[in-house]
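Working notes for the structure below.
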Amino acid sequence: MALGRPTTWSTMGQINRQTQRQRRVRRRLDLVYPMVTGTLPKAQSWPISPGSATSPPAPPCSCPQCVLVMSVKAAVVNGSTGPPQPPAARKNMPPSGVVRLSSPPGPGVKPADRTGTIRGPVKTAPSQVIRRQASSLPAAATAGSPASPPGANGKTGRVALATLNRSNLQRLAIAQSRVLIASGVPTVPVKNLNGTSPVNPALAGITGILMSAAGLPVCLTRPPKLVLHPPPVSKSEIKSIPGVSNTSRKTTKKQAKKGKTPEEVLKKYLQKVRHPPDEDCTICMERLTTPSGYKGPQPMVKPDLVGKLSRCGHIYHIYCLVAMYNNGNKDGSLQCPTCKTIYGVKTGTQPPGKMEYHLIPHSLPGHPDCKTIRIIYSIPPGIQGPEHPNPGKSFSARGFPRHCYLPDSEKGRKVLKLLLVAWDRRLIFAIGTSSTTGESDTVIWNEVHHKTEFGSNLTGHGYPDANYLDNVLAELAAQGISEDSTTQDKD
């Protein structure tokens, strides 16, 4: 009760010790927090005297919070029923006339027995029995249990929670959770409810208390599990993919064609401009009518020459384009720095490794009518080459082998064929800094997203995802890989 206001239970009054001002109090027998199952009782007031026990209950408070609580209770009463009682609960039902109270009893009431129940001084008729269901959190099975609803035979009662063992309390908590979820009570997923750390369960309890204090029912549940891999598959169940040759492919570092200088490579993509426009070169940010502003190693061309790319039409200093090519992979390809149009065959800096692909007899979420294509990437750690960020320094390869999944549909097989081209061109992985762990000099994905969750989509890297296949096709096209790429000769 209130601090500094002693309560006189015989008169149901409180006196302020400082001001000696007296006020009357009453005890409500309905639930403040609607965390219950089964039929809820109507609001009742604590009787002022034993003779007024049969008087009609006082009307509920009309404040906004009480109105909200009563509306939620009415919704639960109309939309749900209590869970069935386990056998252990029915055995421990107290006899008729037993009242469960949580505060000190009034005069004339006998002390509580060892089961935690209080027996009234007189025999009470069944219609006059006051029933109260204690609130409890479903997830905290060891701290309490929901009250049992009326049985099929019409008899009502209160389960003596002190006599229930742990397994029975857990059964009651699970049954209550199902009823609350079925009646539309919002669920709050909480991790590690049964773990060794008390942090997450404590946060779960705080969440339930705060929501209940606002008059909102809440049911704590376990979050869905992360499903990264399919069920075990035997070797006899693994099949090759129709229309795709072999079941694995290795890649090594590819050398650029010898005997070709950067000027000779760019010559087939450029057209000389005799009278350049009065605008900036987007590489060196100098005017095209003036010499290039590049200050690095001097290419073997004049700094005032200007060229136009044949397909996209963007104009640059030829001096700047040669410098940009020398700073890249020198693989015979060029990418426009403005519109990203690719000239030639673009290749990457992926370390050597192995790519395996086959069919497994399981379906992905969202694709129940087809099997699954499983891709396994394996890249070992090693030493960085001259095309990598830190030549001569070792690099790590975390999380390998990496398993990825595609639906065995027409579009899924199309994506697989293009991924094989990307693998051969060393565009799937690169060496850089991980955006997840912050580790540098490690193998990372190279702007072509893969689905690494088989049976869930908790991290955004799983199924169902209706737009994934179209998105990955667009990402491959940005790397210069399309349907025409499958028929081109591999450089």
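The values are calculated or read from the model by the stated rules, or taken from the named source; none is laboratory data. All figures in this text were calculated on a predicted structure; none of them were measured in a lab. Ideal geometry is used to build each Cβ from the backbone, glycine not excepted, and the neighbour counts take in all protein chains shown.
Quick one: which residue in Ile241, Ile283 is part of a loop (DSSP other than H, G, I, E, B), under 28 Å from Val421 (Cα atoms) and under 46 Å from the mean Cα position of the chain (by Cα)? I'd like the intermediate steps shown before the answer.
Details: Ile283 fails: under 28 Å from Val421 (Cα atoms).
Unique residue meeting the criteria: Ile241.
Could you tell me whether Ile360 is buried (at least 18 other Cβ atoms within 10 Å of the Cβ), in the same structural domain as Gly432 (by TED's automatic domain parsing) and not acidic (Asp, Glu)?
Against the criterion (buried (at least 18 other Cβ atoms within 10 Å of the Cβ), in the same structural domain as Gly432 (by TED's automatic domain parsing) and not acidic (Asp, Glu)), Ile360 qualifies.
Per-residue answers, yes or no, for (1) charged (D, E, K, R); (2) within 30 Å of Leu288 (Cα to Cα); (3) in contact with a Leu (Cβ under 9 Å, 6 or more places away or on another chain); (4) in the same structural domain as Gln271 (by TED's automatic domain parsing):
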| site | (1), (2), (3), (4) |
| --- | --- |
| His317 | no, yes, yes, yes |
| Met355 | no, no, yes, no |
| Leu364 | no, no, yes, no |
| Pro381 | no, no, no, no |
| Asn390 | no, no, no, no |
| Ser394 | no, no, no, no |
| Lys411 | yes, no, yes, no |
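I'd like the full set of residues that are among the small types (Gly, Ala, Ser), farther than 18 Å from Lys393 by Cα and in contact with a strand residue (DSSP E or B) (Cβ under 9 Å, 6 or more places away or on another chain), limited to the range 406-449. Lay out the reasoning, then the answer.
Quick first cut of the range 406-449, residues among the small types (Gly, Ala, Ser) only: 409, 412, 422, 430, 432, 434-435, 438, 440.
Filter once more, keeping what is farther than 18 Å from Lys393 by Cα: 409, 412, 422, 435.
Of everything in the range 406-449, those that are among the small types (Gly, Ala, Ser), farther than 18 Å from Lys393 by Cα and in contact with a strand residue (DSSP E or B) (Cβ under 9 Å, 6 or more places away or on another chain) turn out to be Ser409, Gly412, Ser435.
May I ask you to verify whether Thr372 is at negative phi, under 38 Å from the mean Cα position of the chain (by Cα) and not assigned by TED's automatic domain parsing to the domain that holds Ile431?
Details: at negative phi: yes; under 38 Å from the mean Cα position of the chain (by Cα): yes; not assigned by TED's automatic domain parsing to the domain that holds Ile431: no.
Spelling it out, it is not the case that Thr372 is at negative phi, under 38 Å from the mean Cα position of the chain (by Cα) and not assigned by TED's automatic domain parsing to the domain that holds Ile431.
On the basis of being of a type in the set (Lys, Arg) and exposed (fewer than 13 other Cβ atoms within 10 Å of the Cβ), does Lys302 make the cut? Don't jump to the end; show me each part of the working.
Working: of a type in the set (Lys, Arg): yes; exposed (fewer than 13 other Cβ atoms within 10 Å of the Cβ): yes.
Criteria met by Lys302.
For the range 441-469, name all the residues that are part of a helix (DSSP H, G or I) and not aliphatic (A, V, I, L, M). Step through it out loud before you land on a result.
Start the filter on the range 441-469 by keeping residues that are part of a helix (DSSP H, G or I), which leaves 468-469.
Hit for the range 441-469 is Tyr468, nothing else.
In the range 244-256, is there at least one residue being exposed (fewer than 13 other Cβ atoms within 10 Å of the Cβ), at pLDDT 90 or above and not aliphatic (A, V, I, L, M)? Write out each step before concluding.
So in the range 244-256, the residues exposed (fewer than 13 other Cβ atoms within 10 Å of the Cβ) come out as 245-246, 248, 250, 252, 255.
Remaining after also requiring at pLDDT 90 or above: 248.
Keeping just the survivors that are not aliphatic (A, V, I, L, M) gives 248.
Yes - at least one qualifying residue is present in the range 244-256.
Of the conditions (1) more than 30 Å from Glu410 (Cα to Cα); (2) at pLDDT below 80; (3) among the β-branched types (Val, Ile, Thr), Ile283 clears all except one; give me its number.
For Ile283, the exception is condition (2).
Among (1) acidic (Asp, Glu); (2) in contact with a strand residue (DSSP E or B) (Cβ under 8 Å, 6 or more places away or on another chain); (3) farther than 22 Å from Gly348 by Cα, where does Asp465 come up short?
The number of the failed condition is (2).
I'd like to know if the range 316-326 contains one or more residues that are among the aromatic types (Phe, Trp, Tyr), under 30 Å from Thr251 (Cα atoms) and modelled with pLDDT under 95. It would help to see each step written out before you state the result.
Looking only at the range 316-326, we keep the residues that are among the aromatic types (Phe, Trp, Tyr), and these are 316, 319, 325.
Checking the rest, the ones that are also under 30 Å from Thr251 (Cα atoms) come to 325.
Next, from what is left, pick out any that are modelled with pLDDT under 95: 325.
For the range 316-326, residues among the aromatic types (Phe, Trp, Tyr), under 30 Å from Thr251 (Cα atoms) and modelled with pLDDT under 95: present.
Would you confirm whether or not the range 470-490 contains a residue that is on the phi < 0 side of the Ramachandran plot, small (Gly, Ala, Ser) and under 25 Å from the mean Cα position of the chain (by Cα)? Spell out how you get there, then give the answer.
Filtering the range 470-490 down to residues on the phi < 0 side of the Ramachandran plot leaves 470-479, 481-490.
Then keep just the ones that are small (Gly, Ala, Ser); that gives 474, 477-478, 482, 485.
Remaining after also requiring under 25 Å from the mean Cα position of the chain (by Cα): none.
No, that holds for no residue.
Please work out if Tyr294 is in contact with a His (Cβ under 8 Å, 6 or more places away or on another chain) and either modelled with pLDDT of 90 or more or surrounded by 15 or more Cβ atoms within 10 Å (Cβ to Cβ) (or both). Reasoning before the result, please.
Values: in contact with a His (Cβ under 8 Å, 6 or more places away or on another chain): yes; either modelled with pLDDT of 90 or more or surrounded by 15 or more Cβ atoms within 10 Å (Cβ to Cβ) (or both): yes.
Spelling it out, Tyr294 is indeed in contact with a His (Cβ under 8 Å, 6 or more places away or on another chain) and either modelled with pLDDT of 90 or more or surrounded by 15 or more Cβ atoms within 10 Å (Cβ to Cβ) (or both).
Could you please let me know if Ile376 is surrounded by 15 or more Cβ atoms within 10 Å (Cβ to Cβ), under 21 Å from Lys239 (Cα atoms) and free of Cβ contacts under 8 Å to residues at least 40 places away in the same chain? Can you show your working first?
Working: surrounded by 15 or more Cβ atoms within 10 Å (Cβ to Cβ): yes; under 21 Å from Lys239 (Cα atoms): yes; free of Cβ contacts under 8 Å to residues at least 40 places away in the same chain: yes.
Yes; evaluated as a whole, the condition is true for this residue.
Which ones in the range 296-328 are part of a loop (DSSP other than H, G, I, E, B) and within 49 Å of the chain's Cα centre (by Cα)?
Kept after step one, since they are part of a loop (DSSP other than H, G, I, E, B), are these residues of the range 296-328: 296-305, 310-314, 327-328.
Those that are part of a loop (DSSP other than H, G, I, E, B) and within 49 Å of the chain's Cα centre (by Cα): Gly296, Ser310, Arg311, Cys312, Gly313, His314, Asn327, Gly328.
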